[in-house]
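Structure, as structure tokens:
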């Protein structure tokens with residue numbers, strides 16, 4: 001794997017992290033991930049806008065423009081030979097090096113890294129458990145951005161694996177459902193598309209926003225609200241969304257079926273509509289192998 005780091009391509013084995021980097025020491029940074037399909041990215045502009053909002057939320061400015069970042073992304077994908085297959089791309093921004101204390105240096109010296117790796121197809125269905133050991137803090141601004149401080153999600157996914165599931169649903173401090181460890185949650189009930197509100201600890205996901213828009217276009221009721229755990233029992237269908245998952249049916253939680261325990265008709269309809277959302281796909285073309293100017 002070849003990484004793009006601050007404008008230069010470096011083999012992953014030769015890349016080095018400064019031990020004083022605040023991203024390494026304190027999780028002081030943000031990231032963004034998305035899937036590349038045959039050289040195109042679903043809603044790339046929305047991803048870059050969220051990346052900038054995440055950086056702004058922690059008091060950082062991106063050191064490159066969106067156009068320069070697009071060129072760097074395209075060049076990284078091309079350099080790794082991933083232009084014609086499915087790839088997972090991650091952009092990471094840290095505050096850079098500084099003294100080992102909480103107050104960041106002023107001015108900061110941000111570091112920007114892009115990694116692109118092959119990605120297989122997403123799972124056809126998933127089963128989840130409700131995490132017992134960790135919850136999302138809906139009162140924290142970190143719940144609304146892609147922060148490098150991601151240990152809650154790591155612990156939740158570890159718990160899911162220990163309990164034989166692919167995902168973990170996370171409750172918030174009030175006990176309501178907030179999200180999965182790395183995805184947004186949707187329920188279908190009484191002909192409506194229901195998802196936890198951002199105020200409940202849900203990440204304002206890019207794919208989440210696309211699904212909500214699709215639901216409105218197809219004449220379905222859309223509700224962003226508090227969802228108690230008990231709502232899973234009456235849900236007719238459920239699915240998870242993320243940029244890497246796309247839309248994945250959730251057919252069981254804690255060993256109990258959701259609805260009929262299979263992929264429901266509205267879930268199929270949403271997945272097909274999302275796959276056909278060509279107007280949101282932006283092609284990434286790499287005219288050269290260099291980084292941004």
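The values are calculated or read from the model by the stated rules, or taken from the named source; none is laboratory data. Everything numeric in this text was worked out from a predicted model, so none of it was measured. Please note: Cβ atoms are built from the backbone with ideal geometry, for glycine as well, and neighbour counts cover all protein chains shown.
The residue pairs whose first member lies in the stretch 149-175 and is under 10 Å from residue 136 (Cβ atoms) and outside the structural domain of residue 255 (by TED's automatic domain parsing), whose second member is at pLDDT below 95 and surrounded by fewer than 16 Cβ atoms within 10 Å (Cβ to Cβ), and whose beta carbons are closer than 7 Å, counting only pairs six or more residues apart or on different chains, do not exist in this structure.
Scanning the stretch 44-86 for residues that are touching a helix residue (DSSP H, G or I) at 6+ places or on another chain (Cβ under 6 Å), buried (at least 18 other Cβ atoms within 10 Å of the Cβ) and closer than 24 Å to residue 119 by Cβ returns 46, 47, 48.
So is residue 29 surrounded by 22 or more Cβ atoms within 10 Å (Cβ to Cβ), touching a residue at least 24 places away in the same chain (Cβ under 8 Å) and within 24 Å of residue 149 (Cα to Cα) or not? Taking the combined requirement at face value, the residue satisfies it. Out of the residues in the stretch 87-108 that are free of Cβ contacts under 8 Å to residues at least 60 places away in the same chain and touching a strand residue (DSSP E or B) at 6+ places or on another chain (Cβ under 6 Å), state the one that is surrounded by the fewest Cβ atoms within 10 Å (Cβ to Cβ). The extreme case among them is 90.
Within the span defined as the stretch 232-239, one or more residues are within 19 Å of the chain's Cα centre (by Cα), crowded, with 22+ Cβ neighbours inside 10 Å, assigned by TED's automatic domain parsing to the domain that holds residue 137 and under 22 Å from residue 159 (Cα atoms).
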